[in-house]
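K.L.:
One structure, as structure tokens, below. Some questions next.
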Amino acid sequence: MTRGDQPPDDQAIRGGSSSAVPEIRDLLLAHTSAGTLRIVLQQLTLRDEGREVGVHEVIDAVTDVGGNLVTFSLRASVHGDPEDSARLEAAIRRLREDIAADPARPIDSLVVILDGDGRHRVSVDSGLEIPPQDAAAHLALRDGAHHISHESPALDDLRDRLAGPPPSLLRRGRDLVRGWLRPSG
């Protein structure tokens, strides 16, 4: 399977709200740079023959750099600060508790997408069997690179909305005339 395949049908988008999401946003924004369009946080539960053996975590920022979409990992920065790391873990734990509709079905994939315009999406998936050696290339992985390759039109639209409206024709004409009238140095 390739990373471009669709996720299993079991994926559910959660439309409800949780006080943990704004806390996660605020915490992760402190680790981003100017031009960040989207932050993607994903935790994939790793299993070996049905037994949980760890978590593969991605925290990526999708950023506009000179008109190009680039992804930067924020994971080392966030977890490099013990206080931020502990706050993030507590917020994710609260988010998981808020969305756990059926405790008998564990959340194998938790994805939090935070857009620069304040919008967010949270999705969960159950029933995944992701061995540790397959985590970095599993079809359920939704890192920054996945968003750039599969959601670039939406990211371009987000970039345009965050940039604001283009200057009016009158303003562009006025700026052009002012440029002509400025003495050259």
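The values are calculated or read from the model by the stated rules, or taken from the named source; none is laboratory data. Keep in mind that this is a model prediction, so the values were computed, not measured. Methodologically, a virtual Cβ is constructed for each residue, glycine included, from the backbone with ideal geometry; neighbour enumeration extends over all protein chains shown. Ligands, DNA and RNA are stripped out before the accessible areas are found, and what is left, the full protein with its side chains, is counted by its heavy atoms. Shrake-Rupley method; radii C 1.70, N 1.55, O 1.52, S 1.80 Å.
K.L.:
Quick one: how many Å² of D48 are accessible to a 1.4 Å probe, rounded to 10?
P.N.:
70
K.L.:
Sort out for me the Cα centre separation of the range 42-91 from the range 139-160, rounded to whole Å.
P.N.:
16
K.L.:
Additional query: Ignoring ligands, DNA and RNA, please state the percent of accessible area on the range 32-173 from carbon and sulfur, probe 1.4 Å.
P.N.:
So the carbon and sulfur contribution to the accessible surface is 52 percent.
K.L.:
Pop out the ³J(HN,Hα) list for the range 129-138 in order, Karplus 6.51 cos²θ - 1.76 cosθ + 1.60 with θ = phi - 60°, rounded to Hz; leave Gly and Pro as x.
P.N.:
With coefficients 6.51, -1.76 and 1.60, one gets 10, 10, x, x, 6, 9, 4, 5, 10, 5 Hz.
K.L.:
Could you order peptides 139-149, 124-134 by the average number of other Cβ atoms within 10 Å of their residues, highest first?
P.N.:
Sorting 139-149, 124-134 by mean packing, highest first, produces 139-149, 124-134.
K.L.:
Any chance you could look up the accessible area of L162 with a 1.4 Å probe, heavy atoms only, rounded to 10 Å²?
P.N.:
80
K.L.:
Taking Rh as the Kirkwood radius, which is the inverse of the mean 1/r over Cα pairs, what is the Rg/Rh value for the range 85-165?
P.N.:
1.03
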